[in-house]
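Comments concern the structure below.
The values are calculated or read from the model by the stated rules, or taken from the named source; none is laboratory data. In this text, all values refer to a predicted model and were calculated from it rather than measured experimentally. When we count neighbours, we look across all protein chains shown, and the Cβ atoms used for this are built from the backbone with ideal geometry, even at glycine. What goes into the accessible areas is simple: the full protein's heavy atoms, side chains included, and nothing from ligands, DNA or RNA. Shrake-Rupley method; radii C 1.70, N 1.55, O 1.52, S 1.80 Å.
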Amino acid sequence: LDLEKLAQLAVDYSVQEFEVKSAFFLTCQDNQKWEILATFPAPFPSPLASWFNNSPEKDCFLADFEENNSPWVVNFTEPTPYPQLTKVAQELALQELIAFHLGKPPHPWGALIWLVDKPDFLSSLSGFIQTFIHQVTTSGEQARLFKQLQQYINMMRSLHAIDRAIASSLD
C-alpha cells in the first residue's frame, strides 16, 4: 500500500527478471507534472536524468506517451521525433524505450518505462509482461486509494477535534 515501495519493486524486478538495461517509474502529480518516483539501477544514468529534468523535448515525449497505446515503443534505430533523447540513447547503447501506461488512458496516473538494449524486446515476453503491468497497475491504484483514504481520515479527525473544541466552549 506504499506507492514508493511498489515503484522501487517494479523497477528492480523489471531489470533483474526481464533483463532490461534500466527502468524508471513516473507518477503524474495533481498539477499534471510528471516526476520520477523510482529508478533502477540507481543512480539514474546522468544523461537521461539531465534530459528528463532540463529538456523541453520531455514535454512533447510525455504528451505523445499519453496519446499512444500501451505499450508504446520508441525504436532508436529509426528516426524519432526526439533528437535529444535519441542522442542520449546512443550514448547509453539503447535500442528501444518501452513505456507502459499505469491507469486508464487518456490520462494515466503513472508510467513504467524500460530502456532496452535489444531489438524487438516485447515480442519475446508479451504475455508475461501484460500480467506484470496489470499487477503493478492494480497495486498502484490500491496504494493511491489507500493514501487518499488516510488523508480523508486525518481530515475527519481534525474536524472532529475542532467540533469537540467548539462544543465544549458553548455554555
Conditions first: (1) open to solvent by less than 20 Å² (accessible area, probe 1.4 Å); (2) touching a residue at least 60 places away in the same chain (Cβ under 8 Å). L62 passes all but one, so which condition is the exception? (2)
A143: assigned to a helix (DSSP H, G or I), surrounded by 11 or more Cβ atoms within 10 Å (Cβ to Cβ), among the small types (G, A, S) and in contact with a Lys or Arg (Cβ under 9 Å, 6 or more places away or on another chain), yes or no? yes
Any hit, region 37-54, residues being over 17 Å from D117 (Cβ atoms), hydroxyl-bearing (S, T, Y) and modelled with pLDDT under 85: yes
If we keep only residues of region 146-171 that are of a type in the set (A, V, I, L, M) and open to solvent by 100 Å² or more (accessible area, probe 1.4 Å), then the residue modelled with the lowest pLDDT is L170
Could you list, in sequence order, the residues of region 90-105 that are out of contact with any helix residue (DSSP H, G or I) (no Cβ under 6 Å at 6 or more places or on another chain) and in contact (Cβ under 8 Å) with a residue 24 or more places away in the chain? L92, A93, L94, Q95, E96, L97, I98, H101, G103, P105
Only one of A7, A89, A23 is surrounded by 16 or more Cβ atoms within 10 Å (Cβ to Cβ), more than 25 Å from G140 (Cα to Cα) and modelled with pLDDT of 90 or more, namely A89
Would you check if there is a residue in region 81-88 being more than 14 Å from the chain's Cα centre (by Cα) and of a type in the set (K, R)? yes
